[in-house]
Amino acid sequence: MVKLAIHEFAPSSEIDDANAMEQFQKQWRTYQKLVDSDALSHHEVADCLHGALTAIDKPFSILDIACGDAGEIKHVLADTKANHYHGIDLSEPALELAEKNLQDCPFEIDLDHGDYVEMVERRPEPADVAWCGLSIHHLKRDRKRDLLTALRKTTERFVMIYEPTLKEGETRDGYLERFRTVNRPAWTFLTDEEWQQINDHVTQCDLPETAETWLALGREAGFAKAAEVFHDRTDFYSIYRYDV
Ligand SMILES: C[S@@+](CC[C@H](N)C(=O)[O-])C[C@H]1O[C@@H](n2cnc3c(N)ncnc32)[C@H](O)[C@@H]1O
């Protein structure tokens, strides 16, 4: 029984604009190259999330904030007791891809177009599990805490997030310097233009935190337990698990 519905919660005027669509497709193709080459450790992340979800022995619902095209989650949820998947993303083109990617999944699916901060804060239905891959780091620290607090109130079991992480004592500038020094030579599969796109995005938007701060934010949000459960081989990203 598959129920697929894209609910409209944000004005979609920008996607009617051909330039915006072209921009999205360009950026998404570049991001997809990073995912396909496993530069961001998506394989191990999928294994880690899959392991946590297979440990749940009852049917469960999962909220995926910033779900993107849901390309990975389909495999993560295979062989689990997931009975409902709710994806939220600000990008309608990404959700249209998600709709295709999730087509044959044997659980109920809702896809919502909108800002996840706003939607989680006014979400009426709790989910058993909430997941976010590579997005909360765009929020300022207070908003990260607010979002985790809202997730705490609407999650029955645990929240897991995969986010960029500063080394202990590292500043944001130091992180950006390390990002460029390590990744420009490593990401040989990107053209100069694609690298520039990624570098500009990270420079303008990313607000990583130290592991200590990510864990403190979870405790301040009211979670009983906060733990770093995975640190990626490139030393840039970690998964944090917050138990209710
Ligand atoms: C780097 S992608 C991550 C996609 C996927 N979760 C993954 O791990 O590969 C970030 C996603 O966050 C979405 N996004 C960013 N800010 C958002 C917001 N405030 N509300 C909803 N989605 C947002 C973007 O549209 C994009 O699809």
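Here is a check on your reading of the model: is Ala18 at pLDDT 95 or above, of a type in the set (A, V, I, L, M), open to solvent by 70 Å² or more (accessible area, probe 1.4 Å) and away from the ligand (no atom under 13 Å from the Cβ)? Quick ask: steps written out before the conclusion?
Values: at pLDDT 95 or above: no; of a type in the set (A, V, I, L, M): yes; open to solvent by 70 Å² or more (accessible area, probe 1.4 Å): yes; away from the ligand (no atom under 13 Å from the Cβ): yes.
So Ala18 fails the test.
Filtering the range 84-109 to residues that are out of contact with any Leu (no Cβ under 7 Å at 6 or more places or on another chain), open to solvent by 20 Å² or more (accessible area, probe 1.4 Å) and farther than 21 Å from Ile56 by Cα leaves Leu90, Ser91, Glu92, Glu96, Leu97, Lys100, Asn101, Gln103, Asp104.
Considering (1) over 15 Å from the mean Cα position of the chain (by Cα); (2) farther than 19 Å from Leu217 by Cβ, the lone condition that Asp142 does not fulfil carries the number (2). Of all the residues in the range 231-244, those that are open to solvent by 30 Å² or more (accessible area, probe 1.4 Å) and closer than 23 Å to Gln32 by Cα number 4. Quick check on my filter: what residues within the range 203-219 are among the charged types (D, E, K, R) and either without any contact (Cβ under 8 Å) to a residue 24 or more places away in the chain or surrounded by 15 or more Cβ atoms within 10 Å (Cβ to Cβ) (or both)? Scanning the range 203-219 gives Asp206, Glu209, Arg219. Taken over the range 113-132, residues that are within 9 Å of the ligand (Cβ to nearest atom) and acidic (Asp, Glu) amount to 2. Filtered by the rule that a residue be open to solvent by less than 70 Å² (accessible area, probe 1.4 Å) and touching a Pro at 6+ places or on another chain (Cβ under 7 Å), the range 121-162 gives His137, Thr154, Thr155.
Residues that are of a type in the set (Phe, Trp, Tyr) and within 12 Å of the ligand (Cβ to nearest atom): does the range 100-108 have at least one? Looking through the range 100-108, none of the residues is of a type in the set (Phe, Trp, Tyr) and within 12 Å of the ligand (Cβ to nearest atom). Can you say whether Lys81 is surrounded by fewer than 19 Cβ atoms within 10 Å (Cβ to Cβ), within 13 Å of the ligand (Cβ to nearest atom) and more than 25 Å from Asn19 (Cβ to Cβ), as far as the supplied structure shows? Judged against the criteria, Lys81 is not a match. Only residues that are within 10 Å of the ligand (Cβ to nearest atom), without any contact (Cβ under 8 Å) to a residue 40 or more places away in the chain and either of a type in the set (S, T, N, Q) or touching a Leu at 6+ places or on another chain (Cβ under 7 Å) (or both) were counted across the range 30-57, and they come to 1. Of everything listed in (1) more than 23 Å from Ser61 (Cβ to Cβ); (2) open to solvent by less than 80 Å² (accessible area, probe 1.4 Å); (3) part of a helix (DSSP H, G or I), the single unmet condition for Gly169 is (3). List every residue pair whose Cβ atoms sit under 9 Å apart, with the two residues 6 or more apart in sequence or on different chains, where the first one lies in the range 114-126 and is under 16 Å from Tyr85 (Cβ atoms) and the second, anywhere, is at pLDDT below 90. The qualifying pairs are Met119/Phe9. Tallying residues that are in contact with a Leu (Cβ under 8 Å, 6 or more places away or on another chain) and among the acidic types (Asp, Glu) within the range 58-83 yields 1. Being more than 14 Å from Val117 (Cβ to Cβ), among the acidic types (Asp, Glu) and within 15 Å of the ligand (Cβ to nearest atom) is the filter here; which residues of the range 135-167 pass it? Residue satisfying the conditions is Glu163 alone. Can you say whether Asp89 is free of Cβ contacts under 8 Å to residues at least 40 places away in the same chain, within 13 Å of the ligand (Cβ to nearest atom) and within 17 Å of the chain's Cα centre (by Cα), as far as the supplied structure shows? Judged against the criteria, Asp89 is a match.
Would you pick out the residues in the range 181-196 that are touching a Phe, Trp or Tyr at 6+ places or on another chain (Cβ under 9 Å), in a helix (DSSP H, G or I) and closer than 26 Å to Cys67 by Cα? Break it down stepwise before answering.
Narrowing the range 181-196 to residues touching a Phe, Trp or Tyr at 6+ places or on another chain (Cβ under 9 Å): 182-184, 187, 194-195.
Narrowing further to those that are in a helix (DSSP H, G or I): 182-184, 194-195.
Hits for the range 181-196 are Asn183, Glu194, Trp195.
The values are calculated or read from the model by the stated rules, or taken from the named source; none is laboratory data. Since we're looking at a predicted model, the values are computed, not measured. Cβ sites come from the backbone with ideal geometry, for glycine too, and all protein chains shown count toward neighbours. All accessible areas refer to the heavy atoms of the entire protein, side chains included, with ligands and DNA or RNA removed. Shrake-Rupley method; radii C 1.70, N 1.55, O 1.52, S 1.80 Å.
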